[in-house]
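Colleague: Please read through the structure below; I'll follow up with questions.
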Amino acid sequence: MRRLTLLFAAVVVLSAATSCKRPPAKVETIEAEQPELASVVSAGDPAHAVQFVQGFYDIEQGAWRWTRGKFSITLQAPGGAAQKGATLELKFVLPGAVIQKTGPVTMSAVLDGNALPPEKFEKEGAQVLRREIPPAIFRGPSVNVEFTLDKFLAAGAVEERELGVIVQTAALMAK
Amino acid sequence: MHRSRFLILWLVASLFCLTLYWPGLKAWFQQDDFAWLSLGMNVHTAPELWNALFAPKAQGTIRPWSERAFFMGFFALFGLDALPYRALVFATQLLNLALLISITRRLTASWLAAAFAPIFWAANASLGLPMSWTSAYNQILCATFLLGAFYCLLRWTESDSARWYVAQWVVFLLGFGTLELNVVYPVIAAAYTLLASRRHFARTIPMFAASAAYALLHRWLAPRAREGPYAMHFDSSIWTTLATYWSDAFGGTRLAALEVPPWLSAIGLAAPWVLSLGLGTFIVFRLRNRQWLVIWPLVWFLAVIGPVLPLRDHISSYYNAIPSLGLAILGAWAFAAAWRANLPGKAAAVIAAAIYLSTSSPVARAIVSYNFERSRAVRDLVLGVARIRELHPGKVILLNGVGTDRFWAGINDKPFRLLPVGDVWLTPGSEDSIQALPDLGDVGAFVYPPAATLRALRQNQAVVYEASGPRLRNITQTYQNMAQLRLKATLPSRIDAGNPAFSDQLGKGWYEAEGGYRWMGKRAEVRLGAPSRPGSRLQIQGFCPASQLLAGPLHLKVFIDNKPNPAVVVNRADEEFVFFFLVPEQLKNNDFIEIVLEVDRTVTPPGDGRSLGLAFGSFTLRTP
């Protein structure tokens, strides 16, 4: 009993050793703003996160984000886009876990209300959707691109989330 | 000699425990921790203190020592400095290891068993959560009380000293303040005396009466859940649940979820079978020699896991934290016996111990590391918001990109009130990227309305921070550019009547917001965003002070889009009320619905001058 009492005293001493009230630690924020939207955005970069408007889950491994069946991204129009047009490029991965269950997936995109030609993806792995955008579409400083997959994993099929593709980057490149 | 040997074993076990769970010592707060930490914020009088300490809380729990007094006292002393909280958890666990060494030595008469029991228990994967999440301190402290009471029992049976018998009672009764599981202690005590010291058996019986009285009191204070995860199912599912916990007690089955070599994962899957076979063989050998005490560690496991077996839909690995103590004693006992037997016995003992330690401890470590990282992410978010408030006093703080994990671990339990920092919201649309978990809460309740967002940004009354990275990043200007182009000033389908941010959606008949609520007069109007799908229900939530019911129940009529619903009766004084109404499928307007509330009478409190109907909190459209 004496040993246990001593141990209990040690417990109390250990707690007391930390007992001086310390001010809460300061966690600094990043205040330097990037005032303009970017034309090239990386899904893993928190600085671009605001442009991944809808249908995206959390950043994973600091590099990519899972999407739902529908997702949208806002991109800054590159310089001269209203005169020469631009190239839209979405880099993503079509995971084996998805395509094995869904079969080939067709991705369509609508840019500020203008439908772009859809594309069918039949193999798993890294993919690129690339489309030429005519100048007439660029009427403001930025555009919103809504992507839709014809097939995706419904919530509960593999995990609790609805799963589409894994997006890495999106870009509007000047011509 | 005994003392120094005991001390060496305790130091070795403590070192092992500290090494394995080290990140848990540095963990911060998360989830329920914030609810417990805020418990003392509304305590100003003795009755309020009594209520805060002893009134049944979540799922009917009454745990003053391990939760309420612990969190309230430590918050008063240390605020949001997590280290003292974690230090107490670790110190308590080291005390448990000391008790376990002493008890195992007395049960088995083996120093080798006494050396390995605390190692085996400390390595158990089920301890991962209690050693890294402060809200699970109840598991660690309950183990202390159970082990403490049993230690006293052993000393009493050895010495026949009344002092130890009384000490056992005191520890046992105090144990009810840590966890409901304490109710099983009489089974543990009676089983031991039956198996090893029968003349003491009769004096353990009165403890059953104490447990029964506690169980009745608990049942009276906290009625059993009839549905949901905490509903109890007394059917054949109990056996499946028992098998799950038994298998899980060896930890290795969860190795498959970690990034480990496939061969180790395979060993982990085989571990419950191999180790069960080993323990079973040991038990059979002992029983053949009429050494009945070998059953006692199994009784411990079954008695302590027993109360959670009817929780078919709420299987939690950490519920094995205390039951696995029994298996640790049994395993260490078997190890010591095999080691003493012969060379094959030694080999079998080493292989079995290696299988267990190499498959269970990595899972424990992974759980601790996960909770450490998660809690640190919550810390950066919460303290980052405190910093934002310093930088931008008086402005609405909008957080963008808060993901599922950070929301449920760090925002749902309202940590900002502890700083205290108010007016912290999620940006409109955030609810789309956060997984809905209706059992835990409503993401929509934290989302700032689009129209109010646009207005606050325009008037320079809000700042927006991106929360998807490790540090909060000011994106006010970028977000404003985006919002002006993309954000539609649609009406949200949920409002907090007591929050001025939603006052746009309140029509005639309301008074000023006060204390998170807003009083209506006799008739009041609300406007909500139209439901996206048919079959929606309107949920209204409010509060009715006793003064409103002095003349009898109040009748509340709700009109949705001019269509009346049958009146509902508000008759519970000083309680929150919640009512549901079906939203008509044919709506007059595609964008919003009009709701009219009407009570059959109002009350004018002396000296107030207002005619008060009911106080409302939230209006929510629930879409199927």
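Colleague: Just the ratio, please: alpha-carbon radius of gyration of region B:565-624 over 2.2 N^0.38 Å, N its number of residues.
Modeller: On the way: Rg = 14.9 Å, N = 60, 2.2 N^0.38 = 10.4 Å.
That ratio works out to 1.43.
Colleague: Counting partner chain Cβ atoms within 10 Å of every residue's Cβ in A:65-71, what's the average?
Modeller: Per residue, the average neighbour count from other chains is 1.
Colleague: Here's a follow-up. I'd like the orientation of helix A:2-17 relative to chain A: the angle between its Cα long axis and the longest Cα principal axis, in ° from 0 to 90, rounded to 10.
Modeller: The two axes meet at around 50 degrees.
Colleague: Between the DSSP loop rule and a limit of at most 11 other Cβ atoms within 10 Å, which chymotrypsin sites (Phe, Trp or Tyr not before Pro) in region B:191-291 are left?
Modeller: Values: sites: B:Tyr192, B:Phe201, B:Phe208, B:Tyr214, B:Trp220, B:Tyr230, B:Phe234, B:Trp239, B:Tyr245, B:Trp246, B:Phe250, B:Trp263, B:Trp273, B:Phe282, B:Phe285; in loops: B:Tyr230, B:Phe234, B:Phe250.
Passing sites in region B:191-291 are B:Phe234.
Colleague: Enter the Cα centre distance for the pair region B:122-189 and region A:58-125, rounded to the nearest angstrom.
Modeller: 58
Colleague: When Rg is the radius of gyration of the Cα atoms in region B:275-392 and Rh is its Kirkwood radius, what does Rg/Rh come to?
Modeller: On the way: Rg = 21.4 Å, Rh = 17.5 Å.
We get a ratio of 1.22 for region B:275-392.
Colleague: Then there is this: In peptide B:74-85, how many Cβ atoms from other protein chains are near each Cβ within 10 Å, on average? Could you put the intermediate results ahead of the total?
Modeller: Working: counts 2, 0, 1, 5, 6, 4, 4, 8, 2, 3, 9, 2.
The per-residue average across the peptide is 4.
Colleague: What's the FRET efficiency of B:Gln291 with B:Arg106 using the Cβ-Cβ distance as r and R₀ = 22 Å, to the nearest 0.05? It would help to have the intermediate numbers written out before the result.
Modeller: On the way: r = 15 Å, r/R0 = 0.68.
The pair B:Gln291/B:Arg106 has a calculated efficiency of 0.90.
Colleague: Where does the protein assembly as shown land on Rg/Rh, using Cα atoms and the Kirkwood Rh?
Modeller: 1.02
Colleague: Positive end of the charge dipole of chain B (Lys, Arg +1 and Asp, Glu -1 on Cβ, about the Cα centre): tell me which of B:Ser4, B:Tyr165, B:Pro362 has its Cα farthest that way.
Modeller: B:Ser4
Colleague: Same structure again: If each Cα of region B:124-270 is one equal point scatterer, what is log10 of I(q)/I(0) from the Debye formula at q = 0.15 Å⁻¹?
Modeller: Here log10 of I(q) over I(0) equals -0.99.
Colleague: If you average 1/r across every pair of different Cα atoms in region B:328-422 and take the reciprocal, what Kirkwood value do you get, in Å? Please report the intermediate quantities before stating the final value.
Modeller: Working: mean 1/r = 0.0577 Å⁻¹.
That comes to 17.3 Å for region B:328-422.
Colleague: What do you get for the angle between helix B:162-175 and the principal long axis of chain B? Use alpha-carbon atoms, 0 to 90 degrees, nearest ten.
Modeller: 30
Colleague: Still on this model: Which of the chymotrypsin sites (Phe, Trp or Tyr not before Pro) found in region B:379-445 are in a DSSP loop and have at most 16 neighbouring Cβ atoms, other than their own, within 10 Å?
Modeller: Filter output for region B:379-445: empty list.
Colleague: Out of all DSSP beta bridges in the protein assembly as shown, what portion is antiparallel? Express it as a percent rounded to 5.
Modeller: Details: 90 of 100 bridges.
The answer is about 90 percent antiparallel.
Colleague: Once the convex hull of the alpha carbons of chain B is built, what does its volume come to per residue, in cubic angstrom? Spell out each step's value before the answer.
Modeller: Numbers: hull volume 119.8 nm³, N = 624.
Convex hull volume per residue, Cα atoms: 192 Å³.
Colleague: Looking at the calculated P(r) for region B:448-562, what percent of the C-alpha pair distances fall above 21 Å?
Modeller: When all Cα pairs of region B:448-562 are counted, 54 percent exceed 21 Å.
Colleague: In terms of solvent-accessible area of protein heavy atoms at a 1.4 angstrom probe, what is the ranking of B:Met72, B:Met207, highest value first?
Modeller: Most to least solvent-accessible, the answer reads B:Met72, B:Met207.
Colleague: Can you work out ³J(HN,Hα) from phi for every residue in region B:573-588, in order, using Karplus 6.51 cos²θ - 1.76 cosθ + 1.60 and θ = phi - 60°, giving whole Hz and x for Gly and Pro?
Modeller: 6, 6, 9, 6, 10, 9, 10, 10, 9, 6, 7, x, 6, 8, 10, 5
Colleague: Continuing with this model, one more query. Ratio of Rg to Rh for region A:33-175, alpha carbon only, Kirkwood?
Modeller: For region A:33-175, the value is 0.97.
Colleague: Continuing with this model, one more query. Keeping all protein chains in place and using 1.4 angstrom, which order do B:Thr359, B:Thr240 fall into by accessible surface area, from largest down?
Modeller: Highest to lowest solvent-accessible surface, that is B:Thr240, B:Thr359.
Colleague: Between region B:486-503 and region B:301-345, what's the alpha-carbon centroid distance in Å?
Modeller: Using only Cα atoms to place each centre, the spacing works out to 53 Å.
Colleague: Next question, about the same structure. Would you mind giving the mean number of other chain beta-carbons within 10 Å of the Cβ of each residue in A:47-56, as a whole number?
Modeller: Other-chain Cβ atoms within 10 Å of each residue's Cβ, averaged: 6.
Colleague: Could you compute the net charge surrounding A:Leu90? Neighbours are other residues with a C-beta less than 13 Å from the C-beta of A:Leu90; K and R count +1, D and E count -1. Numbers along the way, then the final one.
Modeller: Numbers: positive: A:Arg65, A:Lys91, A:Arg130, A:Arg131; negative: A:Glu89, A:Glu119, A:Glu146.
Here the count lands on +1.
Colleague: What number, in nm² with one decimal, is the all-direction average of the projected area of the convex hull of the alpha-carbon atoms of region B:339-388? Walk me through the intermediate numbers first.
Modeller: On the way: hull surface 16.4 nm².
Mean projected area of the Cα convex hull: 4.1 nm².
Colleague: If each of B:Leu440 and B:Asn590 carries a label point 7 Å out from its Cα toward its Cβ, how far apart are those two points in nm?
Modeller: Rounded to a tenth, the inter-label distance reads 3.6 nm.
Colleague: Please report, in whole Å, how far the alpha carbons of region B:366-462 spread along each principal axis, starting with the longest.
Modeller: Rounded to whole Å, the extents work out to 47, 29, 18 Å.
Colleague: How many angstrom lie between the Cα centre of region B:215-256 and the Cα centre of region B:352-412?
Modeller: Computed from Cα coordinates, the inter-centre distance equals 27 Å.
Colleague: Going by average Cβ neighbours within 10 Å, how do the peptides A:100-107, B:378-385, B:107-114 rank, with the highest at the top?
Modeller: So the peptides A:100-107, B:378-385, B:107-114, ranked by packing, come out B:378-385, B:107-114, A:100-107.
Colleague: Okay, moving on. How far apart, in nm, are two points set 7 Å out from the Cα along the Cα-to-Cβ line at B:Trp50 and at B:Asp160?
Modeller: 4.5
Colleague: Another one. If you roll a 1.4 Å probe over chain B with all protein chains in place, what percent of the accessible area is carbon or sulfur?
Modeller: Ligands and nucleic acids excluded, carbon and sulfur give 61 percent.
Colleague: To the nearest 20 debye, what is the magnitude of the charge dipole of the protein assembly as shown about its Cα centre, counting +1 on the Cβ of each Lys and Arg and -1 on the Cβ of each Asp and Glu?
Modeller: Around 2260 debye, computed over the protein assembly as shown.
Colleague: Subtract the Cα-Cα distance of B:Ser503 and B:Lys488 from 0.36 nm times their separation in residues, and report this length gain in nm to one decimal. Numbers along the way, then the final one.
Modeller: On the way: separation 15, 0.36 × 15 = 5.40 nm, distance 1.79 nm.
Taking B:Ser503 through B:Lys488 to full extension adds about 3.6 nm, to one decimal.
Colleague: Helix-only estimate, please: 222 nm mean residue ellipticity of chain B, summing -39500 (n - 2.57) across DSSP H runs of length 4 or more and dividing by its residues, to the nearest 500. Don't skip to the answer; put the middle values down first.
Modeller: Details: 18 runs with 298 residues, N = 624.
Using -39500 (n - 2.57) per qualifying helix, the result is -16000 deg cm²/dmol.
Colleague: State log₁₀ I(q)/I(0) for region B:79-172 at q = 0.13, 0.16, 0.21 Å⁻¹ as given by the Debye formula over alpha-carbon point scatterers of equal weight, solvent excluded.
Modeller: Here log10 of I(q) over I(0) equals -0.51, -0.72, -1.04.
Colleague: Separate question: Give me the compactness ratio for region B:40-103, meaning the Cα radius of gyration over 2.2 N^0.38 Å.
Modeller: Taking N as the residue count of region B:40-103, the ratio is 1.36.
Colleague: Further question: Quote the FRET efficiency, to the nearest 0.05, computed for B:Leu277 versus B:Thr244 with a Förster distance R0 of 22 Å and r equal to the Cβ-Cβ distance.
Modeller: The computed FRET efficiency comes out at 0.75.
Colleague: Would you mind giving the average projected area, over all directions, of the Cα convex hull of region B:201-333 in nm² with one decimal?
Modeller: Seen from a random direction, the Cα hull of region B:201-333 projects 10.8 nm² on average.
Colleague: Mind checking the full-extension length gain between A:Ala32 and A:Glu160? Use 0.36 nm per residue of separation minus the Cα-Cα distance, one decimal, nm.
Modeller: Numbers: separation 128, 0.36 × 128 = 46.08 nm, distance 3.67 nm.
So the extension gain works out to 42.4 nm.
Colleague: Rounded to two decimals, what is the ratio between the C-alpha radius of gyration of region B:5-117 and 2.2 N^0.38 Å?
Modeller: Relative to the 2.2 N^0.38 Å estimate, region B:5-117 comes out at 1.36.
Colleague: Roughly how big is the A-B contact, given as buried accessible area in Å² (both sides, 1.4 Å probe, nearest 100)?
Modeller: Working: alone 10900 and 28400 Å², together 34880 Å².
Buried area (both sides, nearest 100 Å²): 4400 Å².
The values are calculated or read from the model by the stated rules, or taken from the named source; none is laboratory data. Just so we're clear, the structure is a prediction, and the values are computed from it rather than from any experiment. Positions of Cβ are backbone-derived with ideal geometry, glycine not excepted, and every protein chain shown enters the neighbour counts. Heavy atoms of the whole protein, side chains included, go into the accessibility calculation; ligands, DNA and RNA do not. Shrake-Rupley method; radii C 1.70, N 1.55, O 1.52, S 1.80 Å.
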